[in-house]
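Novice: Pasting a structure below so you can have a look.
The values are calculated or read from the model by the stated rules, or taken from the named source; none is laboratory data. Please read these numbers as outputs of a predicted model, since none were measured by experiment. Note that we place each Cβ from the backbone using ideal geometry, even for glycine, and neighbour counts take in every protein chain shown.
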Amino acid sequence: MSRRPPFPSHLLAACVLGLILPPVLTSCTGGSERETTPALAGVRDGRDDPYAKLSLQDPQGRTIRLSDFEGKVRIFDVWASWCGPCRMIIPHLNRLYGRYRGEGLVVIGISVDSSPADVVAFTKTIPLNYPVGMMNPEIVRLLGAPDAVPTSYLVDRTGRLRRTFVGFVAPETIEREVRKYLEGP
């Protein structure tokens, strides 16, 4: 029985090419960074942290309560084990998490793989040093379904979505934005 990824076949083909041509292909649709306004983020007034109300299941079926990370700067990295650019950004996210974890940063990987076993197998070859859960309908309702993987969402300490990074974005760019929100509101 073959498993179908939850993305259109043209995106899967682009991601597979990313394994072969990583310097050329930055994501399934290209890399970009955009500032996100509160209206787009689904946050009404900045006092309510909608991300803290959600939970994920890790690949072993254990619950990850996002309320455990309330008050922290969060990067939600939506990725897939079959995506070349995802493989390229994960080591950078590991380093970023290690560097700023003590200052209040948490990185949370959200896999769109259809099988948790694929995620477990992936993490044996490319470790993820941060919590990893499986995509679920609650996350899709809050963040929307990404047009490409990887897509990373930067959320400030108050629960406001501040930036969306689509594709492989320069690690320095992500770090610059993270530092901005670690230092201020």
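Novice: Take Pro116 and decide whether it is within 18 Å of Leu154 (Cα to Cα), surrounded by 15 or more Cβ atoms within 10 Å (Cβ to Cβ) and either polar (S, T, N, Q) or modelled with pLDDT of 95 or more (or both).
Specialist: no
Novice: For Ser27, state whether it is modelled with pLDDT of 95 or more and farther than 16 Å from Arg162 by Cβ. Quick ask: steps written out before the conclusion?
Specialist: Working: modelled with pLDDT of 95 or more: no; farther than 16 Å from Arg162 by Cβ: yes.
For Ser27, the condition - modelled with pLDDT of 95 or more and farther than 16 Å from Arg162 by Cβ - is not met.
Novice: All but one of (1) among the aliphatic types (A, V, I, L, M); (2) over 13 Å from Leu56 (Cβ atoms); (3) modelled with pLDDT of 95 or more hold for Val106; state the number of the condition that does not hold.
Specialist: Unmet condition: (2).
Novice: I've got another one for you. For segment 58-78, indicate whether the set of residues that are of a type in the set (Lys, Arg), surrounded by fewer than 18 Cβ atoms within 10 Å (Cβ to Cβ), outside any loop (DSSP other than H, G, I, E, B) and modelled with pLDDT under 95 is non-empty.
Specialist: Checked segment 58-78: no residue is of a type in the set (Lys, Arg), surrounded by fewer than 18 Cβ atoms within 10 Å (Cβ to Cβ), outside any loop (DSSP other than H, G, I, E, B) and modelled with pLDDT under 95.
Novice: Related question: If we keep just the residues of segment 135-155 that are in a helix (DSSP H, G or I) and touching a residue at least 24 places away in the same chain (Cβ under 8 Å), which is farthest from Tyr181 (Cα to Cα)?
Specialist: Per the stated criteria, the residue is Glu138.
Novice: Which residue is farthest from the chain's Cα centre (by Cα), if the candidates are limited to segment 156-185 and must be of a type in the set (A, V, I, L, M) and outside any loop (DSSP other than H, G, I, E, B)?
Specialist: Step one: filter segment 156-185 for residues of a type in the set (A, V, I, L, M), giving 161, 166, 169-170, 174, 178, 182.
Going one step further and asking which of them are outside any loop (DSSP other than H, G, I, E, B), we end up with 161, 166, 174, 178, 182.
Details: Leu161: 13, Val166: 10, Ile174: 12, Val178: 14, Leu182: 18 Å.
So, considering only residues that are of a type in the set (A, V, I, L, M) and outside any loop (DSSP other than H, G, I, E, B), the one farthest from the chain's Cα centre (by Cα) is Leu182.
Novice: How many residues are surrounded by fewer than 22 Cβ atoms within 10 Å (Cβ to Cβ), among the β-branched types (Val, Ile, Thr) and not in a loop (DSSP other than H, G, I, E, B) when one looks only at segment 119-131?
Specialist: Count: 3.
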